[in-house]
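First up is the structure itself, then whatever we jot down about it.
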Amino acid sequence: MRRAAKVDANQPEIVQALERCGCTVLSLAPMGRGVCDLLVGLRWRNVLLEVKGPKGKLTPDQRTFLAAWKGEWYVVDSVGAALKAMGLGGVSHD
């Protein structure tokens, strides 16, 4: 039996900020097996984001997944990092 997907405490805040800036956000956390936490779309661009807490590190499964992934991906630990990954660094999310 698989465990429930672990969602980092900062993920809801990151999702809300991205959505406020016009992004479409889909949680992939339930997929497990190293798949990134979020699929984020904006302006014809789809990006995988792996959300980590301040001291979070990639698991071996995540490293394997990201090494094989041919698309764009980022590891983010804050709203600012997520906005920057999506090219929204100068956009206010308040």
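Taken together, the values in this text are just the output of simple stated rules run on the coordinates, not laboratory data. Predicted, not measured: the structure shown is a model, and the values here were computed from it. Every residue, glycine among them, receives a Cβ derived from its backbone with ideal geometry; neighbour counts consider all protein chains shown.
General remarks:
- Segment Lys84-Arg33, extension gain: residue separation times 0.36 nm, minus the distance between their alpha carbons: 15.7 nm
- Over the chain, DSSP H runs of length four or greater, each weighted -39,500 (n - 2.57), average out per residue to a 222 nm ellipticity of -7500 deg cm²/dmol.
- Per the Debye formula on identical point scatterers at the alpha carbon atoms of region 1-62, with no solvent, log10 I(q)/I(0) at q = 0.14, 0.21, 0.25 Å⁻¹ is -0.41, -0.87, -1.13.
- Taking each residue as 0.36 nm, the span from Leu58 to Arg20 lengthens on full extension beyond its C-alpha to C-alpha distance by 10.9 nm.
- Length added when fully stretched, Val7-Asn46, from 0.36 nm per residue minus Cα-Cα: 12.0 nm
- Residues whose amide H comes within less than 5 Å of that of Val75, counting only those at least five positions distant or on another chain, are Glu50 (H built at 1.01 Å from N in the peptide plane).
- In region 10-94, Cα pairs under 8 Å separated by at least six residues give a relative contact order of 30 percent.
- Rounded to the nearest 20 debye, dipole of the chain from Cβ charges on Lys, Arg, Asp, Glu: 320 debye
- Neighbour-count ranking [beta-carbon atoms within 10 angstrom, fewest first] of Asp37, Asp8, Asp61: Asp61, Asp8, Asp37
- The chain: most fluctuating residue of Arg20, Arg43, Arg33 per GNM, C-alpha cutoff 10 Å: Arg43
- The residues Val51, Val75, Val15, when put in order of fewest to most other Cβ atoms within 10 Å, stand as Val75, Val15, Val51.
- Whichever lysines have a C-alpha closer than 20 Å to that of Lys84, once near sequence neighbours (fewer than 8 apart) are set aside: Lys52, Lys55, Lys57
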